[in-house]
Amino acid sequence: MSIDKLIDSLASQGWYVWDDFLDLSDVQAIKQCIPETLQDARIGYLNTLQDNKGIRGDQTVWLESNMGAPIVRYLDKMESLRQELNYQLFLGLRDFETHFCRYPNGGFYKKHVDNFKGQGRRKITTVLYMNESWQLGDGGELVMYDLQDKALFKLEPLAGRMVFFLSEDFPHEVLPTQQKRESIAGWFLTEKIL
Ligand code: OGA
Ligand code: MN
């Protein structure tokens with residue numbers, strides 16, 4: 001079962017790619033719940049919007065259970081994963097925060113880490129991809145690095161696929177996309193959201 005592979009891979013290498021984490025119909029149902037108008041993504045609270053545009057070009061909306069049953073199903077699924085990860089790996093994950101991201105044509109996200117060592121509450125990053133007709137040459141791949149800056153792999157943003165990685169250990173970037181690119185990023189947290 002993939003959950004066992006997820007646990008093994010997180011423990012041994014710190015990341016895992018789960019193809020078909022969601023069916024296409026689930027991905028489509030989630031998209032239906034997302035509003036047309038989103039907010040420009042922000043990084044921290046001190047950066048101005050203008051600075052951010054050079055770093056990331058996506059727009060986001062935080063996901064809440066009042067957005068519809070498909071969102072609730074996704075959140076429930078992530079909640080059972082949280083419990084299983086805690087049970088098997090003693091990670092002390094206490095909560096999950098997640099937002100939908102839309103990159104317009106030309107959008108990218110420069111190399112970054114989601115959480116610097118010991119400086120925040122993000123422990124495991126998840127990214128669910130939602131592009132149903134991605135083709136070679138469309139760009140928008142995720143490139144993962146290790147802490148020595150060695151490129152580990154490049155991942156196509158195929159609908160239904162979810163990548164998991166330890167938030168502190170893997171710098172990563174989103175290459176410029178030639179198509180509208182939609183995904184859901186999430187973070188298992190070591191602290192409860194207030
Ligand atoms: C992020 C991020 C990667 C991706 O939102 O922090 O790095 O592939 N996303 O969308
Ligand atoms: Mn990231």
(Q) Kindly evaluate Tyr16 against the criterion of being more than 17 Å from the chain's Cα centre (by Cα) and either surrounded by 11 or more Cβ atoms within 10 Å (Cβ to Cβ) or in a helix (DSSP H, G or I) (or both). (A) no
Q: Output yes when any residue across the range 20-41 is buried (at least 18 other Cβ atoms within 10 Å of the Cβ), of a type outside the set (Asp, Glu) and within 24 Å of Leu147 (Cβ to Cβ), and no when none is.
A: no
Q) Identify, please: which residue in the range 51-94 is among the β-branched types (Val, Ile, Thr) and outside any strand (DSSP E or B) and is, among those, nearest to Glu173 (Cα to Cα)? A) Ile55
**Q.** Total residues in the range 94-126, condition open to solvent by 20 Å² or more (accessible area, probe 1.4 Å) and of a type in the set (A, V, I, L, M, F, W, C)
**A.** 4
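Quick grid of which residues meet (1) open to solvent by less than 30 Å² (accessible area, probe 1.4 Å); (2) touching a Phe, Trp or Tyr at 6+ places or on another chain (Cβ under 6 Å); (3) within 14 Å of ligand 1 (Cβ to nearest atom); (4) in a loop (DSSP other than H, G, I, E, B):
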{"position": "Gln148", "(1), (2), (3), (4)": "no, no, no, yes"}
{"position": "Phe165", "(1), (2), (3), (4)": "yes, yes, yes, no"}
{"position": "Gln179", "(1), (2), (3), (4)": "no, no, yes, yes"}
{"position": "Ile193", "(1), (2), (3), (4)": "no, no, no, yes"}
Q.
On the basis of being of a type in the set (Asp, Glu), at pLDDT below 95 and surrounded by 14 or more Cβ atoms within 10 Å (Cβ to Cβ), does Asp58 make the cut?
A. yes
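Here is a yes/no grid of residues against (1) touching a Ser or Thr at 6+ places or on another chain (Cβ under 7 Å); (2) within 12 Å of ligand 2 (Cβ to nearest atom); (3) at pLDDT 95 or above:
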position: Thr125; (1), (2), (3): yes, yes, yes
position: Tyr145; (1), (2), (3): no, yes, yes
position: Ala151; (1), (2), (3): no, no, yes
position: Glu156; (1), (2), (3): no, no, yes
position: Ala159; (1), (2), (3): no, no, yes
position: Glu173; (1), (2), (3): no, yes, yes
position: Thr177; (1), (2), (3): no, no, yes
position: Arg181; (1), (2), (3): no, no, yes
position: Leu189; (1), (2), (3): no, no, yes
Q. Of a type outside the set (Lys, Arg) and either within 16 Å of ligand 2 (Cβ to nearest atom) or touching a residue at least 60 places away in the same chain (Cβ under 8 Å) (or both): does that describe Gln135?
A. no
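The values are calculated or read from the model by the stated rules, or taken from the named source; none is laboratory data. Nothing here was measured: the structure is a model prediction, and the numbers come from that model. Virtual Cβ from ideal backbone geometry, glycine too; neighbours counted across all protein chains shown. When the accessible area is computed, the model is the full protein with side chains, heavy atoms only, and any ligands, DNA or RNA have been set aside. Shrake-Rupley method; radii C 1.70, N 1.55, O 1.52, S 1.80 Å.
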